Amino acid sequence: MSTIDASVLNRVNQTANSSQVASDSQEMRDNFMTLLVTQLRNQDPLNPMENNEMTSQLAQINTVSGIESLNETMQTINGQMETAKSMQASALIGRAVLVPGERILVGNEVDGSATPFGIELNAPAESVKINIYNASGMLVRRMDMGEVGSGPQSFTWDGKMDDGTSAPAGSYNFTVEATNGDEPVTSERFNYAQVIAVSMTEEGPRLDLGGILEPVRLEDIRQII
């Protein structure tokens, strides 16, 4: 039996390993057919190809066609999901959200009150304390929140410092001390922001938070206020 041209086998293997199934599937089918016809032409008359071997070759061609159809279906679904994400993002314009961060604003930017903030604990905590610092890094307020459950939680600061006076207008940062008995509990912090606009990128929609914060993904939102 004559050997099959190595270039044919190489083209089949290269195409089969390609991640771009949709664009290469026609070439893959052509290569399979070339391989099958070459095998039939060069087979040993005394030892012809078995029916199951031919069936296996044809099954591989059908598999390629099936993969192409599946890939087209997945592309359609992905497109629909991106459209749904864009609609969800557009619906958030003008809404307030909690996104990853540790900032609290006090003053005219929020009509004299402090913006909400949030935390997310990976487990319930018996004791949670919030420490608020001014722009110079000075502790101005320590709040005892008591027991807090796991998952995202939102809180507000009355804008008062520990001495009872009103905190000056400006930007503040906060930290979290969460414990369960003597064991620390891991937490994530979230700050308030308002969605101003939505921009489309190659990675999907991004929410514009007015230039104060970097644009965020829909997945970054922990709570809509």
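Quick look at the numbers
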read-out: Selected residue [in contact (Cβ under 8 Å) with a residue 60 or more places away in the chain and either under 23 Å from Pro168 (Cβ atoms) or aromatic (Phe, Trp, Tyr) (or both)] from Val99, Val106, Val140; value: Val106
read-out: Selection within region 168-194 - farther than 24 Å from Gly210 by Cα and either assigned to a loop (DSSP other than H, G, I, E, B) or not assigned by TED's automatic domain parsing to the domain that holds Leu213 (or both); value: Gly181, Asp182, Val185, Thr186
read-out: Test: residue in region 197-217 that is in contact with an Asp or Glu (Cβ under 7 Å, 6 or more places away or on another chain) and within 24 Å of Ala125 (Cβ to Cβ); value: no
read-out: Hits in region 195-225 (condition: modelled with pLDDT of 85 or more and in a loop (DSSP other than H, G, I, E, B)); value: Val195, Ile196, Leu209, Pro215, Arg217, Ile221, Arg222
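The values are calculated or read from the model by the stated rules, or taken from the named source; none is laboratory data. Fair warning: this is a prediction, and the values are worked out from it, not measured in the lab. Backbone-built Cβ (ideal geometry, glycine too); neighbour counts: all protein chains shown.
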